[in-house]
Number of protein chains: 2
Amino acid sequence: MPWRLFGLATVTAFALNATQAVADPLSSWNDGPAKRSIIEFVAKVSAPESPDYVPPAERIAVFDNDGTLWAEQPLYFQLLFAFDRVRALASDHPEWKDTQPFKAVLEGDLDTALSGGDQALLEIILATHAGMTTAEFSAIASDWLKTAKHPVSGRLFTEMVYQPMLDLLEYLRTNGFKTYITSGGGIELIRVFAEDVYGIPPEQVIGSSLKVQYEYRDGNPALVRLPEIDFVDDKAGKPVAINHHIGRRPIAAFGNSDGDLQMLQWTCAGDGARLCVYVHHTDAEREWAYDRNSHIGRLDVGLDQALQNDWTVVDMASDWKYVFPIFDMNHENR
Amino acid sequence: MPWRLFGLATVTAFALNATQAVADPLSSWNDGPAKRSIIEFVAKVSAPESPDYVPPAERIAVFDNDGTLWAEQPLYFQLLFAFDRVRALASDHPEWKDTQPFKAVLEGDLDTALSGGDQALLEIILATHAGMTTAEFSAIASDWLKTAKHPVSGRLFTEMVYQPMLDLLEYLRTNGFKTYITSGGGIELIRVFAEDVYGIPPEQVIGSSLKVQYEYRDGNPALVRLPEIDFVDDKAGKPVAINHHIGRRPIAAFGNSDGDLQMLQWTCAGDGARLCVYVHHTDAEREWAYDRNSHIGRLDVGLDQALQNDWTVVDMASDWKYVFPIFDMNHENR
């Protein structure tokens, strides 16, 4: 489809969208069991006369980020950021030309870089994410997000977010929910764009973190990022971090991988009405299709537990009218 | 003064209070430089036409708890809680009868118990605050707060809060501020009463913490408190924790001791209008008077920096019309 024509189709689709929005706050979702389960849950916890009514202060909803709010293929976007930082910092580190995993990154040989496993990735993260103040890091991440392009779509990473999830966040907030991110990704990276892109302020972002030290730099107090892991907000770490930051058990949780399983278990084991949702990547045309055997965002044990426990499983291919806000990976589908 | 007469005087004082409240949201504060500096700051950051205007999302105010929002004499209330727990758990720990510092606590010999210093206190905290789930700990702390009495006043600990600070919290929130606690005390203990007493929800409480582990107990997911320090939210830890939980630099900070100094430095080193306030315990009649030489809540370096930097120093004796909400330590003053 020529771009001009695609543009026209997009405008028409958006106009229709806007017209329907009053009637249907989840107009980017197709009617189906996933959409119905979400709407039924929200209705029963927010209607004052409902036996399942929950006061607004306790309407806490938590969202994984990678693969749940934005894409995570072909690699977690934060790793792509780290690789770009290795290239940007290479001139200060001549030794990287001969040291793995940096050598492989500089040579564009990602298979070799990734073959070092978690230890190699940790080395790359610590070498690129520490040593600066929190303010400096935010500026670096912000610049990257404004310019770096996704290797497959060629779009900004902040355009690789899911329109149905943006609508869902807004729908929940309209119904008195407080929406949180709880990500295995870095808390400070997500905070850079979460308010603009998701409407989620920094104090509602939970994530993995490095240790930070208060010190004076050039006569002013500064918070300096140390090359040392503070907390990994993944798997069993997620309910722990939720308790630490929020101090309440959520009543709704949204994830897409086994890394979110404990967060969903913890959420849905609470009393009263609960909603646990897995986003299932089933759409090879408009996004990616992967689950039990994926090296990224593996959904295996979690999928079994979802089926056993009657959690909501979103089938991206059939439940989502659109995937991305401005474009779909395969434009013909729009 | 006989109690009946005291009661009458109280009712009259409260009635006057209620009448004045519309005109003066800080009616529990005497007019003076401290009150004026607070009101001027709030006016200039919240008036849209002001050159110092700050959008509501960035109006973050952080408060120390011990000695700033509630009293901390003759000992931090959390230590009194821990001592009560030692007594409650003694029958399960026959070895404590012969082991310091537990032996001294059980014998009511607090001088000896405290003579072991931080290490002894840490042992007592870990022995009394860990091993149960977070829900069990909250229930224990809640029961204690409902029944335990302050050793000097004979009042509930939740009555040992400062009326002028309660009014200040409310005044700030009315003007679009988000109010946070950032305490050296335990985050989970403060969360038990902060919402009811201070109007501060659990997600806006920051404090020291033990490590917590997600596990299954009796077939259900549980968060279990481990006998291991996770984070000490004191001194240089305070700005670090503020950044971790909030992700924004506060524009106003309130403390009473050298333990709050880095939090005040960090807050007031930011751009634009800032308010840093030390509550100075000067009132031996109605509360306690202590600063540079106190073993609890020492205010020494902080007081010098406050004077140097023109921070606001609240003189409790002259700036506060009342100290506690229902009573003053010395009833004659009311």
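Among B:Asp66, B:Asp260, B:Asp167, the residue with the largest mean-square fluctuation in a Gaussian network model of chain B, with springs joining Cα atoms closer than 10 Å, is B:Asp167. Among the GluC sites (Glu not before Pro) within segment A:30-95, which fall in a DSSP loop and have no more than 11 other Cβ atoms within 10 Å of their own Cβ? Sites meeting the loop and neighbour criteria: A:Glu49.
Among residues of chain B, the one whose beta-carbon sits closest to the B-to-A rotation axis is listed with its distance in Å as B:His245, 3.
Under the convention that each Lys and Arg Cβ holds +1 and each Asp and Glu Cβ holds -1, the size of the dipole of chain A around its Cα centre is about 560 debye. Projecting 7 Å from Cα along the Cα-to-Cβ direction, the label point of B:Arg173 sits 2.1 nm from its equivalents in the other copies, listed shortest first. Distances between equivalent label points of B:Glu107 across the copies, with each point positioned 7 Å along Cα→Cβ, amount to 7.2 nm, shortest listed first. Peptide B:256-267 shows a mean partner chain C-beta count of 1 within 10 Å per residue C-beta. Determine the distance separating the Cα centre of segment B:114-141 from the Cα centre of segment B:179-215; give it in Å without decimals. Value for the Cα centre distance between the two parts: 15 Å.
Note on B:Ala148/A:Glu228: beta-carbon distance plugged into 1/(1 + (r/R0)^6) with R0 of 35 Å gives a FRET efficiency of 0.30.
Using a Gaussian network model of chain A in which every pair of alpha carbons under 10 angstrom is joined by a spring, one finds that among A:Pro33, A:Pro250, A:Pro164 the greatest mean-square fluctuation is at A:Pro33. Within 10 Å of the Cβ of each residue in A:243-251, the mean number of Cβ atoms contributed by other protein chains is 6.
Give the cross-link partners of A:Lys97 among the lysines, using a straight C-alpha distance below 27 Å as the criterion and excluding same-chain residues fewer than 8 apart. Within the straight-line limit of under 27 Å, A:Lys97 reaches these lysines: A:Lys149. By the compact-protein rule of thumb, 2.2 N^0.38 Å, the alpha-carbon radius of gyration of segment B:77-147 corresponds to a ratio of 1.07. Please label the shape of the protein assembly as shown as rounded, prolate or oblate, based on the square roots a ≥ b ≥ c of the eigenvalues of the alpha-carbon gyration tensor (a/c under 1.5 means rounded; beyond that, a/b larger than b/c means prolate, else oblate). It is prolate, given that a/c is not under 1.5 and a/b is the larger ratio. When each of the peptides A:314-322, B:286-294 is scored by how many other beta carbons lie within 10 Å of its residues on average, the order from highest to lowest is A:314-322, B:286-294.
For peptide B:235-241, the mean count of partner chain Cβ atoms within 10 Å of a residue's Cβ comes to 4. In nanometers and ordered shortest first, the copy-to-copy spacing of the A:Leu156 label point, defined 7 Å from Cα toward Cβ, is 5.2. Kindly identify segment B:150-304 as rounded, prolate or oblate by the Cα gyration tensor criterion: order the square roots of the eigenvalues as a ≥ b ≥ c, call it rounded if a/c is under 1.5, otherwise compare a/b with b/c, prolate if a/b is larger, else oblate. Cα axes put segment B:150-304 in the prolate bin.
Rule-based calculations on the coordinates, nothing more; no lab input. The structure displayed is predicted, hence computed values, not measured ones. Here the Cβ is made from the backbone with ideal geometry for all residues, glycine too, and neighbour counts use every protein chain on show.
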